[in-house]
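Since the structure comes first, as structure tokens, the remarks are kept for the end.
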Amino acid sequence: MRLTRRGVAVLAGAVCSYAAGEAAGYAYFRGLAGVAAGCLLAAAATTLLRPRVEISRTVYPDRTERGRPALATLLVRNPTPHRQRGFAAVDRAGTAAHEIQVRPLAAGVDTTYHYELPTTVRGRLQVGPLAVRLSDPFDLVHAERAVGGIASLWVYPRRHPARPARVGHPRHHHDGPITDPPLRGSADMRAVREYQPGDEVRHLHWKATARTGQLMVREYADPARTRFTVVLDTRPAALSPAAFEEAVEVAASLLYASAAAGQPCRLITPAGTDTPVDSGLRVARTLLDELCVIAQDATDEAPLVPPPLAATRPVGAIVVITGPDADLGPVRRWRLDTVIRLGLLKPAAGPGSITAVDATAAIAEWNASRADAS
């Protein structure tokens, strides 16, 4: 609760009137001060009476791309048998605030209000809590009370139409062109491991079971199922903030396209992020959630890939997304399929290298290189 400018002026006038009345001995000024003080107390009491309404909020969609619309819907209901007065409410979405003028509600009536949420910045946006602004008829005192819950809006990086990844240098028989869907019978045994609930009984390996005394099963892999890894550089010195947003868009576009094409994907960053997922649109959401909140949180001295992860090269195709002058370090030994450098327009260093000023140009070059290789 706080006084408005008018309330401060009334309070100052009351003090001055009372002081003048005491000094000059005029009861009129003391009475005037009492009236002003009574008005302030009545205004404060009025703001303590919060409208008895129920407020609920929904956000649709709860996940959207940067720049695409998202709406918040407020449902205000009067559950009492009495009419409720109108009030102003402020709903916050991140650093932005939206003011709604709620009309007076009759008994048992509800009303709906819609407004658009800001989606210009990537990230997880907290919507709420709703602040009800209460004031008296003379605008002497204002008060705010938080009501309702909190919702989240995930603002994903923009995705550009991209071709799925493919292995430029096959390294074992599990690498190869993707087939969608994989042909029947196109599976090779990759390993023998301990049985887990849900495994196919027909894949039991009886000889290994007899030798180990535990149920063992054959693990099969589709030889046409490419695995795709993206290394996103999150070191502040490698990319400017604007170029980093473009890099996140490139990573989101490539990972989504490959996951949708049936490829298991993985995201690695210098800060230690290691998010491996299977294929499909449902698991692609895990990667998009990670890219939604990812930031340049690695130190400038950190290697591109943390040493525990750099010891073993990931299987399948590997793409590194970094800045124009960033050092790849020991990752060069991985024989990278593609290095995408963003920020400055420089000629590509050779095959498997893409340089671009933004995500649109980088994805265009990526699609062209995939088309030439197919």
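One table, with the values for the structure above:
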quantity	calculated
Spans of strands (runs of 3 or more DSSP E) in segment 32-143 with at least 3 residues aromatic (F, W, Y) and under 30 Å from V293 (Cβ atoms)	none
Within segment 154-174, considering residues that are at pLDDT 95 or above and aliphatic (A, V, I, L, M), the one surrounded by the most Cβ atoms within 10 Å (Cβ to Cβ)	V155
Any chance R122 is basic (K, R) and surrounded by 21 or more Cβ atoms within 10 Å (Cβ to Cβ)	yes
Test: residue in segment 26-35 that is hydroxyl-bearing (S, T, Y) and modelled with pLDDT of 90 or more	no
Out of D300, D325, D289, sole residue that is modelled with pLDDT of 95 or more and surrounded by fewer than 18 Cβ atoms within 10 Å (Cβ to Cβ)	D289
Number of the condition not met by F87 [criteria: (1) modelled with pLDDT under 90; (2) surrounded by fewer than 17 Cβ atoms within 10 Å (Cβ to Cβ)]	(2)
Pairs with Cβ under 9 Å, 6+ apart, first in segment 66-77 and over 23 Å from I55 (Cβ atoms), second in a loop (DSSP other than H, G, I, E, B) and of a type outside the set (K, R)	R66/T119; R66/T120; R66/V121; R66/P157; G67/T119; G67/T120; R68/P61; R68/T119
Residue tally, condition free of Cβ contacts under 8 Å to residues at least 60 places away in the same chain and of a type in the set (K, R), over segment 233-290	2
Count of residues meeting criterion [surrounded by fewer than 15 Cβ atoms within 10 Å (Cβ to Cβ) and aliphatic (A, V, I, L, M)] in segment 266-282	1
Pair list, Cβ under 6 Å, 6 or more apart: segment 210-230 residue closer than 13 Å to V315 by Cβ and buried (at least 21 other Cβ atoms within 10 Å of the Cβ), other residue at pLDDT below 75 and among the β-branched types (V, I, T)	T226/V167; T226/I178
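The values are calculated or read from the model by the stated rules, or taken from the named source; none is laboratory data. This is a predicted model, so every value here is computed, not measured. FYI the Cβ positions are ideal-geometry reconstructions off the backbone, even for glycines, and counts take in every protein chain you see.
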